[in-house]
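Notes follow the structure.
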Amino acid sequence: MGRVKQLRFCGLGGQGLVLGGVILGHAAIHDGKYVAGSDSYGVRVRGGFALSDVVISDEPIVYPHVMEADILVPMAQEAYEDHIESVAPGAFVIFDDQMVESRPRDNVKQVGIPATSSAIKELNQQQAANIVMLGALVAVTGIVSRESLEKAVEQNVGERFREMNLEAVKIGFRLGEERWRLLEEQLDRS
């Protein structure tokens with residue numbers, strides 16, 4: 001990785017964004033990285049805004065907050081609109097394509113992942129969309145290893161939901177690889 005990576009999950013309360021940030025942070029620790037994280041959410045338990053920031057580095061972290069996201073993962077349209085203009089040049093935006101309609105932005109790579117629809121269709125569980133997105137995020141960016149992500153899911157998800165969430169990682173990884181290949185083919189043609 002070589003430098004600090006700043007990642008922001010954003011969306012609505014109830015989408016599991018804070019858990020996603022925690023799992024990603026633990027996966028980075030398993031990979032021997034330094035990690036800082038923070039989250040915030042609105043006063044409403046479900047449906048208000050939610051944000052989870054994760055900073056990952058090979059070196060000790062000097063400033064533990066996201067200043068300009070290298071990776072943005074919006075799970076709701078309002079979150080996309082609120083944060084798309086503040087990403088770093090060359091950033092990745094990995095969004096839930098059922099919940100977010102993207103718009104072109106120079107010097108930003110955007111990949112739509114059918115996280116919510118796949119969680120419903122393949123797992124019969126909409127609440128697993130956050131973990132599907134984590135799998136896709138790792139497939140597209142390589143920010144942590146797949147093995148560390150799976151280990152972090154095992155450690156941070158209750159036994160009752162563990163197998164379903166490990167399956168969600170596999171689904172997300174498959175979707176991320178498929179969508180990234182399509183994006184690369186499109187970029188090669190242009």
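The values are calculated or read from the model by the stated rules, or taken from the named source; none is laboratory data. All values derive from a computational prediction rather than experimental measurement. Here Cβ is always computed from backbone atoms with ideal geometry, including for glycine, and neighbour counts include all displayed protein chains. What goes into the accessible areas is simple: the full protein's heavy atoms, side chains included, and nothing from ligands, DNA or RNA. Shrake-Rupley method; radii C 1.70, N 1.55, O 1.52, S 1.80 Å.
Summary of values
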item: Where Val140 falls short, out of the listed (1) surrounded by fewer than 23 Cβ atoms within 10 Å (Cβ to Cβ); (2) of a type in the set (A, V, I, L, M); (3) touching a Ser or Thr at 6+ places or on another chain (Cβ under 7 Å); result: (3)
item: Positions within region 41-55 being modelled with pLDDT of 95 or more and open to solvent by 10 Å² or more (accessible area, probe 1.4 Å), in sequence order; result: Asp53
item: Selected residue (criterion: nearest to the chain's Cα centre (by Cα)) from residues of region 12-35 that are at positive phi and at pLDDT below 95; result: Gly16
item: Matching residues, region 149-168, being open to solvent by less than 10 Å² (accessible area, probe 1.4 Å) and under 15 Å from His26 (Cα atoms); result: Leu149, Ala152, Val153
item: Contacts under 6 angstrom Cβ, first residue in region 55-66 being in a loop (DSSP other than H, G, I, E, B), partner modelled with pLDDT of 90 or more and of a type in the set (A, V, I, L, M), 6 or more apart; result: Ile61/Ala36; Ile61/Val55; Pro64/Ala36; Pro64/Val55
item: Some residue of region 33-40 being in contact with a Phe, Trp or Tyr (Cβ under 9 Å, 6 or more places away or on another chain), within 26 Å of Gln155 (Cβ to Cβ) and buried (at least 19 other Cβ atoms within 10 Å of the Cβ); result: yes
item: Tally, over region 58-111, of residues that are farther than 18 Å from Val140 by Cα and of a type in the set (Gly, Ala, Ser); result: 3
item: Candidate set: region 94-111, residues that are within 17 Å of Gly135 (Cβ to Cβ) and in contact with a strand residue (DSSP E or B) (Cβ under 6 Å, 6 or more places away or on another chain); chosen: the one most open to solvent (accessible area, probe 1.4 Å); result: Asp97
